[in-house]
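J.: To start, I am sharing the structure in question, which I have written as structure tokens.
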């Protein structure tokens, strides 16, 4: 490959180590017509549920909600009004701590209006409304880590 990225196994291993050390999910290098992408599968840390002593009937509720949460997230991502994350990062609903949020449930938004920020690699990226509508659901909280393609909110 003349003039492109050199595919050095040692360099690839170093990139993989950077992924592990920084908790990034992928690194991509592009040079002219060459592209090198190193990615890893990111799994959520195990969830630990602590529950105070309660009647046996109440114990079924956390299990049901734990099963329902992934189903609800999958349904939200498939919703035609879902706005998904274009990148991996940390989502923020306000421009700075203590400031009013960009949007709330019920907010009417115009196309191009800033909905939230995603911090990726110490850069705050504005996520703008792709169309006008009303925010019917906000699926994340401020400071929440988000993955590429994860549903953030729904505009109808």
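J.: What's the extension gain from residue 21 to residue 125 if we count 0.36 nm per residue and subtract their Cα-Cα distance?
T.: On the way: separation 104, 0.36 × 104 = 37.44 nm, distance 2.32 nm.
Extra length available between residue 21 and residue 125 comes to 35.1 nm.
J.: Determine how many Å³ per residue the convex hull of the Cα atoms of region 79-155 encloses.
T.: It is 78 Å³ per residue.
J.: What is the distance, in nm, between label points placed 7 Å from the Cα along the Cα-to-Cβ direction at residue 99 and at residue 84?
T.: Each label point is offset 7 Å from its Cα along the Cβ direction, giving 2.8 nm.
J.: Which whole-angstrom value gives the distance between the alpha carbon centres of region 88-133 and region 23-40?
T.: Result: 27 Å between the Cα centres.
J.: Subtract the Cα-Cα distance of residue 110 and residue 31 from 0.36 nm times their separation in residues, and report this length gain in nm to one decimal.
T.: Between residue 110 and residue 31, full extension yields 24.7 nm more.
Rule-based calculations on the coordinates, nothing more; no lab input. Remember, predicted model here, so these are calculated numbers, not experimental data. Neighbour counts run over all protein chains shown; Cβ positions are idealised from the backbone, glycine included.
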